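Here the structure is laid out as structure tokens; the discussion comes afterwards.
Derivation of every value follows stated rules applied to the coordinates shown; laboratory data play no part. What you see is a predicted model; the values in this text were computed from it and never measured. Quick reminder, even Gly has a Cβ in these numbers, built from the backbone with ideal geometry, and neighbours come from all protein chains shown.
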Amino acid sequence: MRATPGTATRSHTVVDSPYGPLTLVATDGVLSGLYMTGQRHRPPQESFGEADPRPFGEVIEQLDEYFAGGRTEFDVPLRLHGTPFQRSVWDQLLTIPYGETRSYGQLAGALGRSGASRAVGLANGKNPVGIIVPCHRVIGSTGGLTGYGGGLDRKQRLLVFEGAASAPRAGKESGGADTLF
């Protein structure tokens, strides 16, 4: 695919994982998307560019290490496209250690916006690089599992896999930001 001047070149590949196929998307050779089958807020397939596994060698290697239990952090370059607020939320997600969870309210507080848990929840739901930017580590204010673009079953399985101290069970949260996405 030839890009016109000033236009980004996108490519993608699909890899297997214990959580189903993952579609990896690169913009100008840098990871900009990781999407699960049936994921909410997944862009249309035609926006992913041509199929080309070449830009994804390091990403695939690190994902394989993670799924094998040998990696707890990722260090691949990312090109995340979102609003400044969304990017600040995604940066906060990167600070949540492997095997730990945070609530939407805790993330909002860390951003200095304690009343913005609803907005944090919406930004979390738009995270374009799940697993690597660990939005699955965010839980509801009462400690329960809440919305996850890849589905609550996957979220719970990821938390159990990581050994989260309180790998909550899926359940109904009572209202609030945690149920929006």
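A cut-off under 9 angstrom between Cβ atoms defines the neighbours of residue 96, and their net charge, with Lys, Arg +1 and Asp, Glu -1, is +1.
Distances between placed amide hydrogens fall under 5 Å for residue 139 paired with 102, 103, 104, all partners being 5 or more residues away or on another chain. Considering only 141, 88, 103, the Gaussian network model of the chain with Cα springs below 10 Å gives its largest mean-square fluctuation to 88. Placing a label point 7 Å from the Cα of residue 157 along the Cα-to-Cβ direction, the residues of segment 53-79 whose backbone N falls under 14 Å from that point are 67-68. Compute the angle between helix 152-162 and the longest alpha-carbon principal axis of the chain, please, reported from 0 to 90 degrees and rounded to the nearest 10. Tilt of helix 152-162: around 90 degrees. In plain terms, the residue of 133, 89, 14 with the fewest other Cβ atoms within 10 Å comes first and the most crowded comes last, giving 14, 133, 89.
Once Rg and Dmax of the Cα atoms in Å is worked out from the coordinates, which option in (1) 16.1, 50; (2) 16.9, 54; (3) 17.1, 58 does it equal? Correct label is (1).
Across 108, 68, 116, mean-square fluctuation computed from a Gaussian network of the chain (C-alpha pairs under 10 Å connected) peaks at 68.
Fewest-first ordering of 100, 162 by other beta carbons within 10 Å of each residue's beta carbon gives 100, 162.
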